[in-house]
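Below is one structure; the comments refer to it alone.
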Amino acid sequence: MVDYTNAPRNDYFCLDARSFYASCEAVKRGFDPNKVFLVVVGDLNYSGSIILAASPKMKEVYNIGTGARLHMVPKLKHIHIVEANMKHYLDVSVSITRLLCEYVPYSSIWQYSVDEMFLKMTGLKRLYGECREAATMIQKVILDNFGIPVTIGIGENPFLSKFTLDNYAKKEGIAECRYEHVPDMVWPVPIESCWGIGEATALKLRSMGIRLMGQLAKAPLHLLRKKFGIIGEQIYWHANGIDYSDLHNIGEPETKGFSHSITLLRDYLGDECKTVIIELAEEVCRRARKAGLAAKTVHLYVGYSRVEPRRAISRTHSLTYYTNLTMDVYRVCLYIFDTYYKGGPVRQIGISLSNVAPDDALQLDLFQDNEKQRNLAKAMDAIRDKYGSDSLLRASSYTKAGVMLKRSNQIGGHNA
């Protein structure tokens, strides 16, 4: 058994707005989020559009949840099907955070996603009572002001609060896990249900005979280090309920790369894919330039349609120099695509840049004026920043294969 004597003891809350997008739409229409039958989709005009959120009743009665498709939703009068409005959801999320700043110091709030956040409540018991009392108060404040139901996981550290939220609070409303509860609450849970353990890691753990968090907690630490490196040590301590991260010490993460991907609304073939590739290259390079960084390694991902038995293309190519110029990245992606694509319908394309350095590492070239191209790219970025991302597009974006013209007025790939 791990000795918790020197382990940090704090009061962390992890808040999750239940079916957030669906709840926002329900409240906007005057419905109770817990009683209405409602789904939020990316595009009402496309039968294969993904369900982004579903109300609890949709999940309970029709087994329709996030990831289902529009054509799977029963066409019944009492079921409301609405198109996503990402700007509205972001506005509500920001408003909830602002409201919580009246109860908790801003430095103690960490926004994890649009519908999830951590609160460090340590030292606030004199104001709000015990943790469950404080959690009940926060639930009521958010419900009264926004009509949005939230669930809250409570723990000694960020990991335990998130673990408790995912595995207990989402069913119970509020749940709490302290170090003394770890054997009963953490250890019986399958490793796949643990925050921070992805599919690949779970597969490797199962090959070692580890299927439950309790087995992971009792595994030899040196073997986990050997198999997974630093991640092995992290998941070992998490399985024992220990997490040394602190919200007050969370700064801006070091940028390790840039990526952009898209799920296409129809099957793309051959040259159509190249149109999307150059658009994605434009976007990732724009992000790199804005951050003042350049990359040496380019990765291209091409995922086929479900009807295509081929495995996805996932290839990386490293350059001999750093770059954040669109055409440099596009040429690398084109080389990978032409080399490995052998036909077939494509539904997903993604590009990522890694192995980054400050863009003053851009290499001069005797045969082309890189500095001129760099200045031109930054001038184009400035125009887009001022007048919108659709103010300056390549001609290929206006073809049937182009996707950026439509996405320029969207947030996260969905209507704003």
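Details
- Single condition residue 143 does not satisfy, out of (1) open to solvent by less than 40 Å² (accessible area, probe 1.4 Å); (2) without any contact (Cβ under 8 Å) to a residue 24 or more places away in the chain: (1)
- Extreme residue, nearest to residue 118 (Cα to Cα), among residues of the range 1-22 that are small (Gly, Ala, Ser) and outside any strand (DSSP E or B): 19
- Selected residue (only one of 298, 329, 307 is out of contact with any Gly (no Cβ under 8 Å at 6 or more places or on another chain) and part of a helix (DSSP H, G or I)): 329
- Qualifying residue in the range 171-178 (condition: at pLDDT 95 or above and either in contact with a Lys or Arg (Cβ under 7 Å, 6 or more places away or on another chain) or part of a helix (DSSP H, G or I) (or both)): yes
- For first residues located in the range 254-271 and at pLDDT below 85, partners that are of a type in the set (D, E, K, R) and open to solvent by 30 Å² or more (accessible area, probe 1.4 Å) and lie 6+ apart or on another chain with Cβ distances below 7 Å form the pairs 263/347; 264/347.
- Selection status of residue 241, on the phi > 0 side of the Ramachandran plot, open to solvent by 50 Å² or more (accessible area, probe 1.4 Å) and touching a helix residue (DSSP H, G or I) at 6+ places or on another chain (Cβ under 9 Å): no
- With respect to the conditions (1) in a helix (DSSP H, G or I); (2) closer than 21 Å to residue 246 by Cα; (3) in contact with a helix residue (DSSP H, G or I) (Cβ under 8 Å, 6 or more places away or on another chain), residue 153 falls short on a single one, namely (1).
- Looking across 113, 93, one residue alone is surrounded by 15 or more Cβ atoms within 10 Å (Cβ to Cβ), within 23 Å of residue 39 (Cα to Cα), out of contact with any Leu (no Cβ under 9 Å at 6 or more places or on another chain) and not aliphatic (A, V, I, L, M). It is 93.
- Wholly enclosed strands (runs of 3 or more DSSP E) of the range 69-135 bearing at least 2 residues more than 24 Å from the chain's Cα centre (by Cα) and either farther than 16 Å from residue 148 by Cβ or of a type in the set (Phe, Trp, Tyr) (or both): 79-83
- Of all residues in the range 188-238 being among the aliphatic types (A, V, I, L, M) and open to solvent by 60 Å² or more (accessible area, probe 1.4 Å), the one that is farthest from residue 108 (Cα to Cα): 208
The values are calculated or read from the model by the stated rules, or taken from the named source; none is laboratory data. Here the structure is a predicted model, which is why all the values come from computation and not from measurement. Don't worry about glycine lacking a Cβ; one is built from the backbone with ideal geometry, like all the others, and counts go over all protein chains shown. What goes into the accessible areas is simple: the full protein's heavy atoms, side chains included, and nothing from ligands, DNA or RNA. Shrake-Rupley method; radii C 1.70, N 1.55, O 1.52, S 1.80 Å.
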